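Asks: A single structure is presented below for examination.
The values are calculated or read from the model by the stated rules, or taken from the named source; none is laboratory data. Just so it is clear, the structure is predicted and the values come from calculations on it, not from any experiment. In this analysis, Cβ positions are derived from the backbone assuming ideal geometry, glycine residues included, and neighbour counts consider all displayed protein chains. Only protein heavy atoms, including side chains, enter the accessible area calculation; ligands, DNA and RNA are left aside. Shrake-Rupley method; radii C 1.70, N 1.55, O 1.52, S 1.80 Å.
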Amino acid sequence: KDLWVSGAARPMSVKPNLTEGVVEKFQTPAGLSVTTPKAITKAALVTLAAQVPSAIAVTELLTAAHSRLNPLSARPPAPEDYEALAGDLLHGYAARIVEFHAGPSPFAIEPGTQPRASPLARYQAERGSRVTTMLHESITIPEAIRELLPLLDGSRTLEDVAAAAKAR
């Protein structure tokens, strides 16, 4: 119950049917896919997709998925919902649909008032166009981002960063 999970699989339906028994297909950006008729699993995958790439605690994911299915219910998820979701997440991990983590993601999705990129990414951006993300992936960044990254050291506000970027 102390595990965290993330996943980028998106429903193939524009408006997925979360009803129990109705099969929905989810696909990752890499093309891996999974189908499921289980309401709790579909709701969990929709929840994960909405906050990609952040990880969420499995217990929080269960609560969020249960709330998505039962928005007016004051009852907590049933133990069998946890068991079903945990089993499906384990299968999803084996199929590379979801990833497990020991804790929360080490990054924010939305910038704070004083945004900060990792020291490694700032260092790498000063030396070239390949940087390592907080997900340990090496990516190539465009020149404009390369010039911006060193400014994101946590000492400047968004307005300061915008002004410095404009001055370059």
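Asks: Find the Cα radius of gyration of region 42-168, compare it with 2.2 N^0.38 Å by division, and give the number to two decimals. Walk me through the intermediate numbers first.
Replies: Values: Rg = 19.2 Å, N = 127, 2.2 N^0.38 = 13.9 Å.
In units of the 2.2 N^0.38 Å rule of thumb, it is 1.39.
Asks: Give me the percent relative contact order of region 33-151, please, defined on Cα pairs under 8 angstrom at least 6 residues apart.
Replies: Details: 99 pairs, mean separation 23.5, N = 119.
The normalised contact order for region 33-151 reaches 20 percent.
Asks: What distance in nm separates the simple spin-label points at L90 and S33, each placed 7 Å from Cα in the Cβ direction?
Replies: 2.7
Asks: For the pair E110 and S67, what calculated FRET efficiency results from E = 1/(1 + (r/R0)^6), where r is the Cβ-Cβ distance and R0 = 25 Å, to the nearest 0.05? Please list the in-between numbers first.
Replies: Values: r = 22 Å, r/R0 = 0.86.
After rounding to 0.05, the efficiency reads 0.70.
Asks: Taking the Cα centre of region 42-143 as origin, sum charge times position over the Cβ atoms of Lys and Arg (+1) and Asp and Glu (-1), and report the length of that vector in debye to the nearest 20. Kindly include the intermediate steps, with their values, before the conclusion.
Replies: Numbers: 8 positive and 10 negative charges, 53 e Å.
In total the dipole reaches around 260 debye.
Asks: Then there is this: Strictly greater than 18 Å: what percent of every Cα pair in region 1-96 meets that?
Replies: Numbers: 1768 of 4560 pairs.
Cα-Cα pairs in region 1-96 separated by more than 18 Å: 39 percent.
Asks: By what distance, in whole Å, do the Cα atoms of region 48-110 stretch along each of the three principal axes, largest value first?
Replies: 32, 30, 18
Asks: If R0 is 22 Å, what FRET efficiency do you get for T132 and S155 from their C-beta distance, rounded to 0.05?
Replies: On the way: r = 22 Å, r/R0 = 0.98.
That pair, T132 with S155, gives E of 0.50.
Asks: Looking only at region 1-15, which residues have a backbone nitrogen under 14 Å from a spot 7 Å from the Cα of E60 in the C-beta direction?
Replies: It comes to 2-7, nothing else.
Asks: How large a share of the accessible area of the chain, in percent, is made up of carbon and sulfur atoms when the probe is 1.4 Å and the other protein chains stay in place? It would help to have the intermediate numbers written out before the result.
Replies: Values: 5790 of 10230 Å².
Carbon-and-sulfur percentage of accessible area, whole number: 57.
Asks: Roll a 1.4 Å probe over the protein chains and send me the accessible area per residue for the chain in Å².
Replies: 61
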